[in-house]
Amino acid sequence: MGSAFHVAWFLTANRLRWPSVLLVRWGQFALQGAVFGAVIAQLVEGVPHFQSYYVVGLLAIAMYNTGMLAGSELLSDAQYGVEDYFLALPISRRILYSGRILGAGLMGLLFVGPPALAVLVLTGQWNLPVALYLILLIFGISAGLAGVGMAFAAAFRQYEAFLMVSSFVDAFVIRLSAALYPLAAMPMLYAAIAVYNPVSHIAWLLQPLFAIAPPEVSSLGSVLLIAWIIVALISGGLVFQYRLEGRRRLL
Amino acid sequence: MGLFTSRRTLTKTEHWQRDGLGVLSPETVPWYNYIMDAIIKAEALVKRYGNVIALDEVTFSIKQGELFCLLGPNGAGKSTFLLLLCTVLKPTSGKLYVAGHDVTKDSAAVRQLVGIAFQEPKLFWRHTVQEMIDFHIAMCGLGRVGRQRAEEILEILELTSLRHRRGLELSGGQQKRLEIARVLIRQPEIAIFDEPTAGIDIHGKHVVWHEINRLKASGTTVILATNDVYEAERLADRVGILDRGRLVACDSLPALKALVPRGEVVELALSDGAAHQAQTLLEGSEGVLECVIVSNTRLRAYVLHGHHSIPQILERLLKRGIEVHGVRMIEPSLDDVFLHFTGRGFVELEG
């Protein structure tokens, strides 16, 4: 696995060389959570501490986006030829895939970690075990969702096609989730779909850490989410392998 | 990892048997030694991109330790073949073996043997030269020996002073040299260079050629794709000429030259745009075997006896009012081999 960590770190170092991207992402999050969250909290009735609910939902969406970003990065690297270099290295496709998955986990920590920890402090829920658990969740979920992003990317192969389809899918996945609005406040049909939405489960997993929901709410969600992540990782790996080598092969 | 790499490497004979080619021995097959020496073997190799056929039923082999040059105009399929060889692409049909490993079935084993310097440098724009080299050394598992070799290669390719520059801060030639450095540092069993000196200055070209020769001398099989006939003539043990995806010729340079029409080559320097008119006039005339347009102002005539034909050619051209600025007799070169086998002049190729 040493080579996979090398790939992951190399990709991460590339991102660290462009700190303005990180600052823009954090700034965007702060702006949306603080300003838009405060405004919308004035409009929503019947949901206590809605701004906190909204901000935690934003974190869940940011994690989902990180996973999809891993897919778009794969295609962007292919477009600029860097992926050819990776593909020609004396490493297996499995290591390359694992490296990208770990890299996506680290990308999640970079993009979502600092805002999440800041929210933890601002909501008064900061303590070390919770912070460490939150970091672990961000890493695991981002890496897991990268499996979906990479499966999409490997299936479409074209950057533009991927962007079109992923934007379309994202619009549904994010809006039909309980990340930004509680199930109780949603129309029946939407709520029925949102129950099975992975973004809803990410939000439900995060909410107890910020004292928005009791821990028992997230227990079933955790199991579903972990199962979903495992399926995402395996299917992502299979599609990646299949599309590159032209045949099915177990990872 | 073990799922990708067979624990025990099959012998070449076992591979041939597995592929249904029966038991091979010097007694049963006259070309046994040649086949056994082949480290790369392509059989009816086809690669399509949609409706475009990049490689069309290409069959040939490359011997261990030789410097094989793939020559062809842009779009001939050279890079596609090299990308198949390093497992970045997969064949549409046909077979490609590297040291007995099928590139489709044993791609991980193939990558352990093959290193490529791409035509377009594949650099990470925000990483420094040193970081890219360090990453390459780590990924290829070269360790301390690799780091020592890297120091030497960076010095030779004049990259030492650039080691802290980022990829985006390098010039085109510097990027190309870094791309080549990665292969030289790795010293793979099979080194692939795709147009290695394109965009490099004259001094740099000689350095790269010297290093490629040094690599070959160390026992590495070198495959070089180029559209520079001079480069091929200077370096190659054998040359394969690709044209529109088909391998039109493949042999040693002397053998290929022997296939070009016998006679001598007369090159004429003409006024701009006069080459086509002169070609029409001279082709089929007495003593002229073939006429090829090299450029708008240069025409090459293959004649039986140069000294006898030159006065006749000049007389014919001057009578028609075609100005001749210079005449010279040249030795048949790989240029002529290339023109003969592709059946097209350079003007057409460039077009």
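The values are calculated or read from the model by the stated rules, or taken from the named source; none is laboratory data. Given the structure is predicted, the values throughout are model-derived calculations rather than measurements. Cβ: placed from backbone, ideal geometry, glycine included. Neighbour counts: every protein chain shown. These accessible areas exclude ligands, DNA and RNA; they are computed on the full protein's heavy atoms, side chains included. Shrake-Rupley method; radii C 1.70, N 1.55, O 1.52, S 1.80 Å.
Here are some notes:
- Rounded to the nearest 20 debye, the dipole magnitude of the protein assembly as shown is 1420 debye, with +1 charges on Lys and Arg beta carbons, -1 on Asp and Glu beta carbons, and the Cα centre as origin.
- In summary, the lysines within cross-link reach of B:Lys78, defined as a Cα separation below 19 angstrom excluding same-chain residues under 8 places away, comprise B:Lys41, B:Lys47, B:Lys63, B:Lys90, B:Lys95, B:Lys122, B:Lys176.
- Cα centroid separation, the range A:117-167 to the range B:229-279: 58 Å.
- Efficiency of FRET from Cβ geometry, B:Glu57 and B:Lys105, R₀ 22 Å, rounded to 0.05: 0.60
- Zone residues, the range A:129-158, relative to A:Met164, backbone N less than 12 Å from point 7 Å out along Cα-to-Cβ: A:158
- Peptide A:78-87 shows a mean partner chain C-beta count of 5 within 10 Å per residue C-beta.
- Highest-first arrangement of B:293-299, A:225-231, where packing means the average Cβ count within 10 Å: B:293-299, A:225-231
- Separation in nanometres of the label points that stand 7 Å from Cα toward Cβ, at B:His325 and B:Asp251: 3.7
- When accessible surface is computed with a 1.4 Å probe, chains A and B are found to bury approximately 3200 Å² between them, both chains counted.
- Across peptide A:7-14, the average count of Cβ atoms from other chains found within 10 Å of a residue's Cβ is 3.
- Restriction of the chymotrypsin sites (Phe, Trp or Tyr not before Pro) in the range B:90-157 to DSSP coil positions whose beta-carbon has at most 15 other beta-carbons within 10 angstrom yields B:Trp125.
- The range B:157-310, dipole about Cα centre (Lys/Arg Cβ +1, Asp/Glu Cβ -1), debye to the nearest 20: 680
- ³J(HN,Hα) computed for each position of the range A:7-24 - Karplus, 6.51 cos²θ - 1.76 cosθ + 1.60, integer Hz, glycine/proline x: 4, 4, 5, 4, 5, 5, 4, 4, 6, 5, 6, 10, x, 4, 5, 5, 4, 5
- Listed residues B:Ile180, B:Ile153, B:Ile192, most fluctuating in chain B (Gaussian network, C-alpha, under 10 Å): B:Ile153
- Relative compactness, the protein assembly as shown, computed as alpha-carbon Rg over 2.2 N^0.38 Å: 1.23
- Modelled FRET efficiency - R0 30 Å, B:His308 with B:Thr280, Cβ distances, 0.05 increments: 0.85
- Chain B: angle of helix B:202-217 to the longest principal axis, Cα-based, in degrees nearest 10: 60
- Relative to the dominant Cα principal axis of chain B, helix B:129-139 is inclined by about 60°.
- Accessible surface calculations at 1.4 Å, restricted to protein heavy atoms, place the protein assembly as shown at 45 Å² per residue.
- Antiparallel bridge percentage (DSSP; both residues within the protein assembly as shown; nearest 5): 70
- Model label points for B:Ala269 and A:Phe5, set 7 angstrom from Cα along the Cα-to-Cβ axis, are 6.6 nm apart.
- Solvent-accessible area assigned to carbon and sulfur over chain A amounts to 71 percent, based on a 1.4 Å probe.
- Per-residue mean of C-beta atoms belonging to partner chains within 10 Å, peptide B:118-129: 4
- Here chain B is assigned +1 on the Cβ of each Lys and Arg and -1 on the Cβ of each Asp and Glu. Its dipole about the Cα centre then comes out at about 1160 debye.
- Each peptide in A:128-137, A:173-182 gets a packing score, the mean of other Cβ atoms within 10 Å over its residues, and the list from highest to lowest is A:173-182, A:128-137.
- Against chain B, whose longest principal axis is taken from its Cα atoms, helix B:143-156 shows a tilt of about 30°.
- Between the residues A:Val165, B:Ala255, B:Pro311, the greatest Cα displacement towards the positive end of the dipole of the protein assembly as shown, with unit charges on the Cβ of Lys, Arg, Asp and Glu, is found for A:Val165.
- Residue among A:Tyr53, A:Tyr97, A:Tyr196 with the largest mean-square fluctuation in a Gaussian network model of chain A, springs linking Cα atoms under 10 Å: A:Tyr196
- For chain B, the fraction of C-alpha pairs farther apart than 28 angstrom is 52 percent.
- Counting only the Cα atoms, chain A fills a convex hull of 134 Å³ per residue.
- Look at the dipole of chain B built from charges on Cβ: of B:Gln187, B:Gln148, B:Leu281, the Cα furthest out on the positive end belongs to B:Gln148.
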